[in-house]
Amino acid sequence: MNVRRVSWVSMAFLLSFPLCFSSHAHAALIPVNVPSVAPSSESGVPLMQRCQAIETEKHPKWLDNQPNDLIVSAQFHPPSKRITTSHCLVSGVMSKRLGPNGERYETRFELRLPSRWQSRFAYQFNDSLYQANPAFGTVTGMRASEYAINQGFAVVSSNSGLPIQPSSHPLLLDPQARKDLAYAAVQGVNPVARQLTEYFYQSPIKFAYGMGQADGGRVAMVAATRFPTMFDGLLVGYPGLNAPKAALQHPWDVQMLSRVSNDIRQSLSARDLDFFAHQLLARCDGLDGAYDDMIFAIDACQNVFNPNALVCKSDFDRDCLALEKVGALARMHRGPHNNKNQALYTDWLFDAGIRSDHWRQWRVNSTVSAWDGKPMSVALGATALAQLYSTPPIAVKPDIYALESYLQAFDFDRDAPAISATTEYFTDSAMTLMTPPNVAKPTLTAFKQQGGKMLVFHGNSDPVFSVKDTMRWYDFLDFALEGRAHELVRFYRIPGMVHGQGGPAADQFNLLSPLMAWVEQQKAPQSIVAATRSDNPDVTDSMKGITRPLCPYPSYARYRSGNPREASSFQCVRVAE
């Protein structure tokens, strides 16, 4: 392979988050001489000296084509519980500017450089639109020992160039900030972080990886198309592939739930969703040959499960749901449509994770007192749709009831086209910025030509980004590549898993190691063993301590023979088998 040069928060926190990492970015800078040897001892002495050397270089002149305003500082860190290796934490600030209304923008990044470097580099993309990830090199499913930093990677992350001052409208951005958040901050930070890494170790990077989930998964997919030579491997978790379209689900849900109750928090009870999930399992759990409260034969399930069968036939029925509740759930899973019956996003799988607290917190009601119990779709979703994904942006009052009113009044014929609109000031639409180019007709031609590999995973019960959207993307890619998408992309669906770890799922797994083996040794991954977690409250007694194989799409895990609690007793089969 060629070496290339190239959480959930309260509303109060959301509206005041400064999008930075730490005070280390402005630490005192004391001149010392730069040692010429690369760090190699776990004792941390050479590492500490080299870290101190970077600390002195307030404006590192040795970087090629560096930003004029780049400032770096550094601090040595001994091993800790989560980061088990001593490392140098480099903090950087660059690309400072003032917005049209006096907003202060700057790109902040942190780069962690471990003592036992393995010539690998990783860019950690941010999960959320609202806060920056620490540079650990982790995604859902990984244990701390499996973090990239703990495997000898140099890892970088950034704040995506967002405003540094608290704002009541955190995503009301100017055009450049929208672009930075979409992908341009990665384009700016990556070469700086690479040069810092190679200077620090006096050795070239051999393999470069990008990793992220949710909005970070979106960034990874954008990078594969816009920057196809930037990364050798990409680890992509539950991507917001068409994030602006996905945001249309939020007003759709609120309006559907309002048909059940004027107070959407009362529209679907926990018992309602638990009953729905149990009826779904009764129909679909055994389709994969094992009864384990997980639906691996998810495609067959969609064909045999009929939610209308759950409707109460009379006022005396008990094991049933009211017609309006079933109707709301069916329409929510159908996805947003306009008055011409045109789909504006995609549909959703019926899956057992609908009974999880996480699904409910996103779609129906939350436990956040600052939001008065309104769901995340109102607090977070409405903010993103109005401020970031609509052009021109809409400055909805940062009040939970104003946000809900905005969603209630949303007109899918009049307002939905704003995600693809432009103005003289905003010359790029949200869809152009936030999605990979040619997202509806992916080919990944350049990424494939340079030998890039990508592992994608997505929970079947994700309430934010539909796994069906990722399935459709893979199907389009496979069609364009004449059935050979598996040569550069492997996609794994996680039964029961929600937006990240959680849900009734086997959600403990490591996809970074198989990606490394694929990139560095040309060993293509097949099934990946996943385990349930004892600390997952959504796991039933029958699920505790079991393992299951995650199979590359479109195959699924089917019980073959042996101990049904062990992954080795299952095999990956195609849907038609």
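The values are calculated or read from the model by the stated rules, or taken from the named source; none is laboratory data. The structure presented is a predicted model; accordingly, all values stated were derived computationally and were not measured. Note that we place each Cβ from the backbone using ideal geometry, even for glycine, and neighbour counts take in every protein chain shown. All accessible areas refer to the heavy atoms of the entire protein, side chains included, with ligands and DNA or RNA removed. Shrake-Rupley method; radii C 1.70, N 1.55, O 1.52, S 1.80 Å.
See the values below:
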| item | result |
| --- | --- |
| Solvent-accessible area, 1.4 Å probe, carbon plus sulfur percent, for the chain | 49 percent |
| Cα centroid separation - segment 312-345 against segment 227-275, whole Å | 16 Å |
| Distance between modelled label sites at Val575 and Asn101, nm, 7 Å Cα→Cβ extension | 4.6 nm |
| Among 278-286, 508-516, 372-380, the order from most to least packed when residues are scored by Cβ within 10 Å on average | 372-380, 508-516, 278-286 |
| Compactness of segment 71-156 as Cα Rg over 2.2 N^0.38 Å, two decimals | 1.22 |
| Student exercise, segment 331-487 dipole from Lys, Arg, Asp, Glu Cβ charges, in Debye to nearest 20 | 260 debye |
| DSSP-loop trypsin sites (Lys or Arg not before Pro) across segment 393-481, with at most 16 other Cβ within 10 angstrom | Arg414 |
| Hydrodynamic radius by Kirkwood, which averages 1/r over all alpha carbon pairs of segment 227-272, in angstrom | 13.8 Å |
| Nearest-20 debye value, the chain charge dipole, Cβ charges on Lys, Arg, Asp, Glu | 1040 debye |
| Largest to smallest principal axis extent of the C-alpha atoms in segment 125-183, angstrom | 39, 19, 18 |
| Trypsin sites (Lys or Arg not before Pro) within segment 93-145, DSSP loop, no more than 13 other Cβ atoms inside 10 Å | Arg143 |
| Cα-Cα separations in segment 299-425 greater than 18 Å, expressed as whole percent | 65 percent |
| Filtered trypsin sites (Lys or Arg not before Pro), segment 520-577: DSSP coil and at most 11 other beta carbons within 10 Å | Lys523, Arg574 |
| Percentage of interatomic Cα-Cα distances in segment 253-336 larger than 23 Å | 26 percent |
| Scattering curve values for the chain, log₁₀ I(q)/I(0), Debye with Cα scatterers, q = 0.06, 0.09, 0.11 Å⁻¹ | -0.30, -0.69, -1.04 |
| Among beta bridges that DSSP assigns inside the chain, antiparallel share in %, nearest 5 | 55 percent |
| For segment 149-277: rounded, prolate or oblate by the Cα gyration tensor [a/c cutoff 1.5] | prolate |
| Of Asn68, Leu455, Phe410, farthest towards positive along the dipole that unit charges on Lys, Arg, Asp, Glu beta carbons give the chain | Asn68 |
| Farthest positive-ward along the chain dipole, Cα basis, beta-carbon charges - from Phe200, Leu171, Ser145 | Phe200 |
| Whole-angstrom Cα spans of segment 228-385 along principal axes, big to small | 62, 42, 38 |
| Cα centre as origin, Lys/Arg/Asp/Glu Cβ charges: segment 331-394 dipole, Debye | 180 debye |
| Taking all pairs of distinct alpha-carbon atoms in segment 395-494, Kirkwood radius in angstrom | 16.6 Å |
| Net length gained if the chain between Glu520 and Gln449 were fully extended (0.36 nm per residue, minus Cα distance) | 24.0 nm |
| Fraction of alpha-carbon pairs over 20 Å apart in segment 82-217 - percent | 44 percent |
| Candidate lysines - alpha carbon under 20 Å from Lys374, same-chain residues fewer than 8 apart omitted | Lys325, Lys397 |
| Segment 370-424: projected area of the alpha-carbon convex hull, averaged over directions, in nm² | 3.8 nm² |
| Net length gained if the chain between Asn303 and Ile394 were fully extended (0.36 nm per residue, minus Cα distance) | 28.7 nm |
| Charge-dipole axis of the chain as Lys and Arg at +1 and Asp and Glu at -1 on Cβ define it, positive-most pick from Cys572, Ser542, Leu89 | Leu89 |
| Percentage relative contact order, segment 298-432, counting C-alpha pairs under 8 Å, at least six apart | 14 percent |
